[in-house]
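*Asks:* Right, I'll just put the structure down here and ask away after.
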Amino acid sequence: MTDLHRAVGGLLTRDPLLATLLLNHAASLQWGRTQGVSAIIPSWAADDRPGAPADGELFTVEAHVSRDAPQPHRALDAVLATVHGVLTGGPVVVERLDDTDVPDIGGGTISRAATWALAPAAAGVLGQPAAGYRPSEAASSNR
């Protein structure tokens, strides 16, 4: 797992909606129940586009919303917009690429995928402590 993967995973799991949808996906894998479960399924691929940053990757999220949910198409839009908002608030350069225009209906859910081109915002930033971070021993010395 790369620093970029860890940073994005951290961003997704700090959002209550996205964390729940990730847990739903994990539970459906463990228990083999995918029918009607609202979830997000993240995946990574190399960014082989011309001019793409050497350390960049493509990040795709497939969002699934139960067909029984009120206004499932709007719920899909809201989930993918939340993913975009979370990604743009982190230490990564984000470019949203084309979404799948037509939702897929099957297995009790409606799904649509979106892809982002991601790269670290600056070399060496990922995996480093946040600005102003003090190790626990330095923080406790003020007592």
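Read-outs: derived from the displayed coordinates by stated rules, not from any lab. From a predicted model like this one, the values you see are computed outputs, not experimental measurements.
*Asks:* What list of ³J(HN,Hα) couplings, whole Hz, do you get for segment 38-48 from phi and the Karplus terms 6.51, -1.76, 1.60, once you set θ to phi - 60° and write x for glycine and proline?
*Replies:* Here the 3J(HN,Hα) series is 6, 6, 10, 10, x, 8, 10, 8, 5, 9, 9 Hz.
*Asks:* How high is the relative contact order of segment 1-120, in percent, counting Cα pairs under 8 Å that sit 6 or more residues apart?
*Replies:* Details: 200 pairs, mean separation 34.1, N = 120.
Relative contact order of segment 1-120: 28 percent.
*Asks:* Karplus couplings for segment 54-66 from phi (6.51 cos²θ - 1.76 cosθ + 1.60, θ = phi - 60°), rounded to Hz, Gly and Pro as x?
*Replies:* For segment 54-66, the Karplus-derived couplings read 4, 9, x, 9, 9, 10, 10, 10, 9, 9, 10, 10, 4 Hz, x marking Gly and Pro.
*Asks:* Follow-up question, since we're still on this one. Residue by residue through segment 2-7, what is 3J(HN,Hα) from phi via Karplus (6.51 cos²θ - 1.76 cosθ + 1.60, θ = phi - 60°)? Round to whole Hz and write x for glycine and proline.
*Replies:* 8, 4, 4, 4, 5, 4
*Asks:* Calculate, in nm to one decimal, what residue 68 and residue 104 gain on full extension: separation in residues at 0.36 nm each, minus their alpha carbon distance. List each step's numbers first, then the result.
*Replies:* Working: separation 36, 0.36 × 36 = 12.96 nm, distance 1.46 nm.
Between residue 68 and residue 104, full extension yields an extra 11.5 nm.
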